[in-house]
Amino acid sequence: MLLKITNLHASIKGKEILKGINLVVNKGEVHAIMGPNGTGKSTLASVIAGRDVFDVTEGEVLYNAKNLLTLSVEERAREGIFLGFQYPVEIPGVSITNFMRTAVNEIRKYRGLDPMGAGEFLKMMEEKKKLVEITSNLTNRSVNEGFSGGEKKRNEIFQMAMLEPTLAILDETDSGLDIDALRVVANGVNKLRTSENGFVVITHYQRLLDYIIPDFVHVLFEGRIVKSGGKELAMELEEKGYDWIKQQL
Amino acid sequence: MEPMVLTPISKERLLDLYQENRSSLSADDSPAVRANREKALDSFRKLGFPDKKMEDWRNTDISKSLGLAYDYPLQPSEEDDMQKVFRCNIPHLDTAVIGQLNGWFVSKDVPLMELGNGIIIGSLAEAMKKYPHLVEPHLGNYTDVESNGFAALNTAFATDGTFIYIPDGVKSEKAVQLVNVIQHRENIFIQSRNLIILGKEAKLTVVHCDDSYDHQPSFSNIVTEIVVGEGAFLDHYKLQNLNNNSTLVSSTWFHLEREAKLESHYLSLNGALLRNNTYVRFNGSFGSANIYGLYLMDNRQHIDNYVAVDHASPDCISNELFKGILDEHATGVFNGHILVQRDAQRTNASQNNRNLLLTDTAKINSKPFLEIYNDDVKCSHGSTTGQLDETAMFYLRQRGIGEDNARMLLMFAFADEVVSKIAIEPLRYRIEDMVKKRLQGELQICEQCVLHCSTPEHPMEFKIDLSKI
Ligand SMILES: Nc1ncnc2c1ncn2[C@@H]1O[C@H](COP(=O)(O)OP(=O)(O)OP(=O)(O)O)[C@@H](O)[C@H]1O
Ligand SMILES: [Mg+2]
């Protein structure tokens, strides 16, 4: 079992957003999370990643059988958790190369490995750029600064490829992508899929799931997972919207 | 001669001191210089030292700095040893180094270097004797002794400092590095005076460093006048790395003739109280001035940048970018005054001050002041103050970067917008290095000088590699 979330409650500034989430992700699985705007999907992703503006008030999160909630954001990342941001942050003055090199080497250090030399690192960058079909010189630029929406999302997948996470949570990575970019991003994910890692893909569109075939689809509504099913659930949602689920509640 | 003693620095004591030493102070003066001295003294008598009731000094309190007891040598001391200064150099940068110890030009054997192409570099006192026709038209001509008490005091007392002259059409390949080291067995009060003249179409890079040698308190009142001739280009750097007990009031007047171009960089890394007065005057059309500042303060340090740009002529461009990181109890002031005069059509002036406050106790007071008497202008100003961006911190840490390093990356990125404006590569690398050390709390005031801190013999270890690859 890669990730086990039990009865997770989280709030921000005293307002409860997550109201008892239960979710199990096993190695090799892809889970899709769908749900109306503002129901807590990004909050769930942030809480798993350890963002401290959210307070976990109840529940448990185990990752590789370890209690995740006591770890810092960076420790979780070094343990193999990656979050593809819904809104990737612009960081003027920090080049992607420098950023990724620092990240890769801090993760290596945590795992008892020697830092990667400049040559080897640049070679890895080139390989991973190919994987997500980045041809331009994006990597010399400041992190996300002046990137288009699509470029930002592609850059998230590039970073994921660089860091080779065990659990990747992709928060609306498909939003704002043109059809070609969507295919590229999905291909990137599919190439990184192994029997050892797991993916949680947050999306509003069934279209992405044509490319990244999920094992499970969950509907998050008002801070709870209210329905789970196979990939056909996504089709049904695409067709009928969320009203029929609300009515079942 | 034993130094005079000020206990504390007060107007009355200085006026008395002037009376007692009037003849020796003006011994080498030409009649014009002597007249300036007297006029400045009268002005100082009226003005005295600025206090917190004055608009431009409201948030900077110098009373504590003035209140200590200081030695005030009116002549260089015999034991001044220049070897301390002359070891300084920036690797891979071809510089002519001028050493000042406690404000005094030191290389007594060669007080004036006269380079083949007509460039003159050396002691201002010596230049006054040898080249009065070069010095007199400019010395004291740009300084505002009527309203600036420190400038008046300096003009009344200062007898030496650095003189640089670049003749018309000469483009100096060598950068001139002016290193002022402060070292004295007691607290010391220093007043020195510099004059830099660039002729028509001349070009020069000046790196002006103020460094402490030890932890003894000092109070420096430095005045520099700089003339950038028609079509000339000056790349100017001020690097300040004084100890935590030292106060520096540094006033610089830039006088820009038609089509003159100025790039000025104020890099304030350490000091108890730093006040930079920067005055830029466009005396002819089509001039341009970029003025950059970076200040990194912590502890109970205080930094005050006062920048006044006088658009006295049409078609000039000025651009100010001052950025600061204030930690612990550090405090800062930015006062930016842009004056666009009536005939200064098509003026383009911008001003920006950005600050990062790392604690609740750090404070900044940022005040833009635009005074515009012409309709046909483009002026902009902006000021922001904030903490490190929480979302950016989360983003960096989510990629596995530890909290300390994430903070370092963000702070360095913030500072780098100013550092990256340094055109000379070896100097930029050196400053980048110093900024990193400063941000990691590892920058020392140096045995020799700030630019000598990280020689290859003492390689610095960084927790992370911030270098660009
Ligand atoms: N920093 C914050 N401060 C206050 N409220 C917040 C904050 N972050 C999220 N919320 C609130 O939490 C709720 C859930 O937000 P969240 O971003 O998790 O929704 P979402 O399901 O990801 O929505 P979308 O589909 O629009 O991305 C919303 O009501 C939102 O306003
Ligand atoms: Mg969201």
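Please state which of the following conditions residue A:208 fails to meet, knowing it meets all the rest: (1) within 16 Å of ligand 2 (Cβ to nearest atom); (2) in a helix (DSSP H, G or I); (3) open to solvent by 10 Å² or more (accessible area, probe 1.4 Å).
Of (1) within 16 Å of ligand 2 (Cβ to nearest atom); (2) in a helix (DSSP H, G or I); (3) open to solvent by 10 Å² or more (accessible area, probe 1.4 Å), only one is false for residue A:208: (3).
Of the residues in region A:130-151, how many are within 13 Å of another protein chain (Cβ to nearest Cβ) and open to solvent by less than 40 Å² (accessible area, probe 1.4 Å)?
Of the residues in that region, 4 qualify.
Do the conditions hold for residue B:313, that is, is it small (Gly, Ala, Ser), surrounded by fewer than 24 Cβ atoms within 10 Å (Cβ to Cβ) and touching a helix residue (DSSP H, G or I) at 6+ places or on another chain (Cβ under 6 Å)?
Here the answer is no, as residue B:313 does not meet what is asked.
For the list (1) open to solvent by 10 Å² or more (accessible area, probe 1.4 Å); (2) within 12 Å of ligand 1 (Cβ to nearest atom), I need the number of the one condition that residue A:70 fails.
(2) is the only condition that residue A:70 fails.
Every residue in region A:163-186 that is away from ligand 2 (no atom under 16 Å from the Cβ) and open to solvent by 10 Å² or more (accessible area, probe 1.4 Å), please.
Scanning region A:163-186 gives A:163, A:164, A:165, A:166, A:178, A:179, A:180, A:183.
Let me spell it out: the conditions are (1) closer than 30 Å to residue A:165 by Cα; (2) open to solvent by 30 Å² or more (accessible area, probe 1.4 Å), and residue B:409 meets all of them except one. Which number is the exception?
Failing condition for residue B:409: (2).
Considering each residue of region A:77-109, count those that are within 7 Å of another protein chain (Cβ to nearest Cβ) and either small (Gly, Ala, Ser) or surrounded by fewer than 20 Cβ atoms within 10 Å (Cβ to Cβ) (or both), and give that number.
Looking only at that region, the number is 7.
Pairs only if they're at least six apart or on different chains, beta carbon under 7 angstrom, first in region A:12-29 and within 8 Å of ligand 1 (Cβ to nearest atom), second not in a loop (DSSP other than H, G, I, E, B); list them, first residue then second.
A:17/A:10; A:17/A:11; A:17/A:43
Look at region B:280-289 and say how many of its residues are surrounded by fewer than 22 Cβ atoms within 10 Å (Cβ to Cβ) and either farther than 8 Å from residue B:313 by Cβ or of a type in the set (A, V, I, L, M, F, W, C) (or both).
Residues meeting the conditions: 3.
Inspect region B:98-112 for any residue being closer than 18 Å to residue B:235 by Cβ and part of a strand (DSSP E or B) and give the result as yes or no.
Yes, because at least one residue in region B:98-112 is closer than 18 Å to residue B:235 by Cβ and part of a strand (DSSP E or B).
Just the residues that are among the polar types (S, T, N, Q) and open to solvent by 20 Å² or more (accessible area, probe 1.4 Å), please, taken from region B:212-262.
B:216, B:244, B:245
Kindly indicate whether residue B:298 is within 29 Å of residue B:51 (Cβ to Cβ) and outside the structural domain of residue B:56 (by TED's automatic domain parsing).
Yes.
Hey, can you tell me all the residues within region A:110-123 that are of a type in the set (A, V, I, L, M, F, W, C) and more than 8 Å from chain B (Cβ to nearest Cβ)?
Those that are of a type in the set (A, V, I, L, M, F, W, C) and more than 8 Å from chain B (Cβ to nearest Cβ): A:113, A:116.
Identify, by number, the condition in (1) assigned to a strand (DSSP E or B); (2) among the polar types (S, T, N, Q); (3) within 18 Å of the chain's Cα centre (by Cα) that residue A:57 doesn't meet.
The one condition residue A:57 does not meet is (3).
Please go through region B:15-33 and pick out each residue that is open to solvent by 60 Å² or more (accessible area, probe 1.4 Å), within 20 Å of residue B:73 (Cα to Cα) and not polar (S, T, N, Q).
Correct list: B:16, B:20, B:22, B:27, B:28.
Could you identify the single residue in B:384, B:359, B:391 that is touching an Asp or Glu at 6+ places or on another chain (Cβ under 9 Å) and among the hydroxyl-bearing types (Ser, Thr, Tyr)?
After ruling out the rest, the residue left standing is B:359.
So which of A:69, A:62 ends up being more than 8 Å from chain B (Cβ to nearest Cβ) and either in a helix (DSSP H, G or I) or within 22 Å of residue B:407 (Cβ to Cβ) (or both)?
A:69
Can you tell me which residue in region A:18-34 is farthest from ligand 2 (Cβ to nearest atom), limited to those that are farther than 23 Å from residue A:190 by Cα and surrounded by 22 or more Cβ atoms within 10 Å (Cβ to Cβ)?
Among those that are farther than 23 Å from residue A:190 by Cα and surrounded by 22 or more Cβ atoms within 10 Å (Cβ to Cβ), it is A:21.
Yes/no matrix, rows are residues, columns are (1) open to solvent by 90 Å² or more (accessible area, probe 1.4 Å); (2) over 30 Å from residue A:133 (Cα atoms); (3) more than 14 Å from chain B (Cβ to nearest Cβ); (4) away from ligand 1 (no atom under 16 Å from the Cβ):
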position	(1), (2), (3), (4)
A:188	no, no, yes, yes
A:196	yes, no, yes, yes
A:203	no, no, yes, no
A:229	no, yes, yes, yes
A:248	yes, yes, yes, yes
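How many of the residues in region A:42-63 are away from ligand 2 (no atom under 16 Å from the Cβ) and either buried (at least 19 other Cβ atoms within 10 Å of the Cβ) or at pLDDT 95 or above (or both)?
The total comes to 10.
Among what's in region B:39-57 and is in a loop (DSSP other than H, G, I, E, B) and free of Cβ contacts under 8 Å to residues at least 12 places away in the same chain, pick the residue that is least open to solvent (accessible area, probe 1.4 Å).
Here the residue is B:54.
Quick one: is residue A:84 within 16 Å of ligand 2 (Cβ to nearest atom) and either without any contact (Cβ under 8 Å) to a residue 60 or more places away in the chain or farther than 28 Å from residue A:214 by Cα (or both)?
No.
Could you tell me whether region B:365-374 includes any residue that is of a type in the set (Phe, Trp, Tyr), more than 14 Å from every other protein chain (Cβ to nearest Cβ), open to solvent by 60 Å² or more (accessible area, probe 1.4 Å) and in a strand (DSSP E or B)?
For region B:365-374, residues of a type in the set (Phe, Trp, Tyr), more than 14 Å from every other protein chain (Cβ to nearest Cβ), open to solvent by 60 Å² or more (accessible area, probe 1.4 Å) and in a strand (DSSP E or B): present.
Among the listed residues A:191, A:152, which satisfies the condition of being modelled with pLDDT under 95 and within 16 Å of ligand 2 (Cβ to nearest atom)?
A:152
Inside region A:163-186, can you point out the residues that are within 25 Å of residue A:121 (Cβ to Cβ), more than 14 Å from chain B (Cβ to nearest Cβ) and away from ligand 1 (no atom under 16 Å from the Cβ)?
A:184, A:185
For region B:107-140: of the residues being of a type in the set (S, T, N, Q) and open to solvent by 20 Å² or more (accessible area, probe 1.4 Å), which is farthest from the chain's Cα centre (by Cα)?
Here the answer is B:117.
Residue check: is residue A:36 within 16 Å of ligand 1 (Cβ to nearest atom), over 16 Å from the mean Cα position of the chain (by Cα) and under 23 Å from residue A:208 (Cα atoms)?
When the stated conditions are applied, residue A:36 passes them.
Please specify each residue of region B:317-371 satisfying the condition of being of a type in the set (Asp, Glu) and under 18 Å from residue B:275 (Cβ atoms).
Result: B:320, single match.
In this structure, does residue A:10 turn out to be over 17 Å from the mean Cα position of the chain (by Cα), within 16 Å of ligand 2 (Cβ to nearest atom) and not in a loop (DSSP other than H, G, I, E, B)?
When the stated conditions are applied, residue A:10 passes them.
The values are calculated or read from the model by the stated rules, or taken from the named source; none is laboratory data. Keep in mind it's a predicted model, so treat the numbers as computed, not measured. Backbone-built Cβ (ideal geometry, glycine too); neighbour counts: all protein chains shown. Quick note on the areas: whole protein, heavy atoms, side chains included, nothing else; ligands and nucleic acids left out. Shrake-Rupley method; radii C 1.70, N 1.55, O 1.52, S 1.80 Å.
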